[in-house]
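Worksheet for the structure shown next.
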Amino acid sequence: MILVNGVQGDRIAVQDRGLHYGDGLFETIAVIDGIPCLWRRHMQRLMQGCRRLALPEPDPGLLKEEAQRVSAGHERAVLKIIVTRGGNGRGYRAGKKAGVTRIVARYDWPEYPAEFLLRGIRLRVCNTRLGNNPALAGIKHLNRLEQVLARSEWHDPRIAEGLMLDQNDYVIEGTQSNLFVVKQGCLLTPELSRCGIKGVMREWIQEQGMALGIECSETDLTLQDVMEADELFMCNSLMGIWPVRSIGEADFAIGPVTRRLLTVLGNSRGAGHA
């Protein structure tokens, strides 16, 4: 089911700036038992992105009503919200007419292999690099060509995800997920002021880690730092937490910090909170 500005359908105007320039934002949200998970966090990021792009903010109450309408009655599904600047003039400079296009769509839940959670995933290091641009860092804008190119680098179904580095050789994130490193019992995740997406699951894990008494910090991480980690895991709002079992020839165990966070996440999702 897809709603475009509240009306069921699957078409937008060809003049839409989201189509022409990627001028907009999106959120991908897990739906469990008809409830969009981490809704407040997703909306906070969406509205922050609107402010960063000087994009008119959609009515949050209207978005929630449309999300509930699309999600109702579904045990597991994926909810995607797209907000664009609409058909607001040709050329890079937007016209004076302010407006947005809202797209709220429901998709089937992805069939992730059970072993990704139970045994961990295999990673590779992508050749495609992320460009550094602090003006766009952190937000989930529609320009995803770097991720498209990176994901096209492999076709081996045994490899679940690829690590992406920036122009300075720092590890930033996966093609569709955030990275956490565990070193001497501490949680480390890449600093994202230059590029990358600040995931809502990343934020949730940082808060849960601190609540469990686990030291958490954001820092620059090299590939060597990652390879020397005691534990590794990837996360996003759909996969939750996936432990990492290997990067190339290097193997990793599912350690105690990862297992504690997996337990908390399982309990929270069971209660409809995450």
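The values are calculated or read from the model by the stated rules, or taken from the named source; none is laboratory data. The structure displayed is predicted, hence computed values, not measured ones. We place every Cβ from the backbone using ideal geometry, glycine too, and count neighbours over all the protein chains shown.
What the table shows:
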item	result
Tabulated pairs, the range 63-80, first free of Cβ contacts under 8 Å to residues at least 60 places away in the same chain and over 12 Å from residue 6 (Cβ atoms), second hydroxyl-bearing (Ser, Thr, Tyr) and surrounded by 20 or more Cβ atoms within 10 Å (Cβ to Cβ), C-beta under 6 angstrom, 6+ apart or interchain	79/71
Selected residue [surrounded by fewer than 13 Cβ atoms within 10 Å (Cβ to Cβ), touching a residue at least 40 places away in the same chain (Cβ under 8 Å) and acidic (Asp, Glu)] from 156, 169	169
Hits in the range 119-166 - residues which are among the basic types (Lys, Arg) and in contact with a helix residue (DSSP H, G or I) (Cβ under 7 Å, 6 or more places away or on another chain)	140
Enumeration of residues in the range 143-186 that are assigned to a loop (DSSP other than H, G, I, E, B), among the charged types (D, E, K, R) and under 19 Å from residue 228 (Cα atoms)	169
Neighbours by Cβ (under 6 Å, 6+ apart or cross-chain): first from the range 179-197, in the same structural domain as residue 228 (by TED's automatic domain parsing); second modelled with pLDDT of 95 or more and of a type in the set (Phe, Trp, Tyr)	180/233; 187/180; 189/180
Filtered residues of the range 69-80 (kept if closer than 17 Å to residue 28 by Cβ and either surrounded by 14 or more Cβ atoms within 10 Å (Cβ to Cβ) or not assigned by TED's automatic domain parsing to the domain that holds residue 28 (or both))	70, 71, 74, 77, 78, 79, 80
Residues of the range 81-112 classified as over 19 Å from the mean Cα position of the chain (by Cα), surrounded by fewer than 17 Cβ atoms within 10 Å (Cβ to Cβ) and of a type outside the set (A, V, I, L, M, F, W, C), total	9
Residue within the range 177-184 that is more than 15 Å from the chain's Cα centre (by Cα), modelled with pLDDT of 95 or more and over 23 Å from residue 260 (Cβ atoms) present	no
Only one of 56, 134 that is in the same structural domain as residue 202 (by TED's automatic domain parsing) and part of a loop (DSSP other than H, G, I, E, B)	134
Qualifying residue in the range 114-129 (condition: in a strand (DSSP E or B) and either crowded, with 21+ Cβ neighbours inside 10 Å or in the same structural domain as residue 6 (by TED's automatic domain parsing) (or both))	yes
Matching residues in the range 30-83 - criterion: being more than 30 Å from residue 95 (Cα to Cα) and among the β-branched types (Val, Ile, Thr)	31, 32, 35, 70, 78
Flag if residue 49 is surrounded by 20 or more Cβ atoms within 10 Å (Cβ to Cβ), assigned to a helix (DSSP H, G or I) and either on the phi < 0 side of the Ramachandran plot or of a type outside the set (Phe, Trp, Tyr) (or both)	yes
Any hit, the range 101-115, residues being at pLDDT below 90, basic (Lys, Arg) and farther than 30 Å from residue 246 by Cβ	no
Pair list, Cβ under 6 Å, 6 or more apart: the range 214-240 residue outside the structural domain of residue 123 (by TED's automatic domain parsing), other residue among the acidic types (Asp, Glu)	none
Count - residues of the range 220-231 that are surrounded by 16 or more Cβ atoms within 10 Å (Cβ to Cβ) and either in contact with a Lys or Arg (Cβ under 8 Å, 6 or more places away or on another chain) or assigned to a helix (DSSP H, G or I) (or both)	4
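A quick yes/no check of all residues on (1) out of contact with any strand residue (DSSP E or B) (no Cβ under 8 Å at 6 or more places or on another chain); (2) surrounded by fewer than 20 Cβ atoms within 10 Å (Cβ to Cβ); (3) not in a loop (DSSP other than H, G, I, E, B):
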position	(1), (2), (3)
189	no, no, yes
195	no, no, no
208	yes, yes, yes
218	no, yes, yes
233	no, no, yes
244	no, no, yes
